[in-house]
1. Return a yes/no flag: does segment 3-10 have any residue that is under 16 Å from V85 (Cβ atoms), among the small types (G, A, S) and without any contact (Cβ under 8 Å) to a residue 24 or more places away in the chain.
2. Residues in segment 66-90 that are of a type outside the set (A, V, I, L, M), outside any helix (DSSP H, G or I) and under 17 Å from V56 (Cβ atoms): how many?
3. Please name all residue pairs, on different chains or six or more residues apart, with Cβ atoms under 9 Å, provided the first residue is in segment 14-30 and is farther than 19 Å from G97 by Cβ and the second residue is in a strand (DSSP E or B) and acidic (D, E).
4. Looking for whichever is assigned to a strand (DSSP E or B), in contact with a Gly (Cβ under 9 Å, 6 or more places away or on another chain) and under 17 Å from M1 (Cβ atoms) here; the options are V43, V23. Which one fits?
5. Among the residues of segment 2-20, which ones are in a strand (DSSP E or B) and of a type in the set (S, T, Y)?
6. So, in segment 68-96, exactly how many residues are basic (K, R) and farther than 21 Å from D32 by Cβ?
7. Examine segment 11-25 for a residue that is surrounded by fewer than 19 Cβ atoms within 10 Å (Cβ to Cβ) and of a type in the set (A, V, I, L, M), and state whether such a residue exists.
8. Kindly provide the set of residues from segment 21-60 that are at pLDDT 95 or above, farther than 22 Å from S90 by Cβ and of a type in the set (D, E, K, R), ordered by number.
Amino acid sequence: MRRGELYRVAHPSNDPKRHRVFVVVSRQVLVDSRFSTVICAPVYSSHDGLSTQVPVGPDEGLKHDSSIHCDELVSIAKSRLTQFVGVLSSGPLQKLGEALKAALELDE
């Protein structure tokens with residue numbers, strides 16, 4: 001498992017959908033650690049053009065154009081991230097970092 005990978009999660013908590021795609025946003029040292037959870041951001045089919053959203057789509061393994069919503073970070077057990085969907089290339093991965101900074105109001 002690596003930062004920037006997308007996984008389909010069955011029955012995510014507080015989500016009316018049966019499945020939702022999430023992207024791993026935790027730093028790699030946490031992903032590789034003994035901790036059982038990682039921080040993820042959900043992927044939705046809507047895109048409102050916010051600085052906290054990253055457009056993604058078929059290039060990342062999705063069926064249609066979508067966006068990563070960095071304002072809705074969640075902790076997910078690593079054991080639930082089994083259905084690999086795809087991975088962000090360097091461009092979207094850099095935009096993800098910028099969106100996370102905006103969502104958390106972090107300075108450069």
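1. Within segment 3-10, the first condition is being under 16 Å from V85 (Cβ atoms), and the residues that meet it are 3-10.
If we keep only those that are among the small types (G, A, S) as well, we get 4, 10.
From what's left, without any contact (Cβ under 8 Å) to a residue 24 or more places away in the chain: none.
Scanning segment 3-10 turns up no residue that is under 16 Å from V85 (Cβ atoms), among the small types (G, A, S) and without any contact (Cβ under 8 Å) to a residue 24 or more places away in the chain.
2. 10
3. So the pair list comes out empty.
4. Details: V43 fails: in contact with a Gly (Cβ under 9 Å, 6 or more places away or on another chain).
One residue alone meets the criteria, V23.
5. Start the filter on segment 2-20 by keeping residues that are in a strand (DSSP E or B), which leaves 5-10, 19-20.
Answer for segment 2-20, where residues must be in a strand (DSSP E or B) and of a type in the set (S, T, Y): just Y7.
6. Final tally of qualifying residues: 1.
7. Scanning segment 11-25 turns up no residue that is surrounded by fewer than 19 Cβ atoms within 10 Å (Cβ to Cβ) and of a type in the set (A, V, I, L, M).
8. R34
The values are calculated or read from the model by the stated rules, or taken from the named source; none is laboratory data. Here the structure is a predicted model, which is why all the values come from computation and not from measurement. Cβ atoms come from the backbone with ideal geometry, glycine included; neighbour counts cover every protein chain shown.
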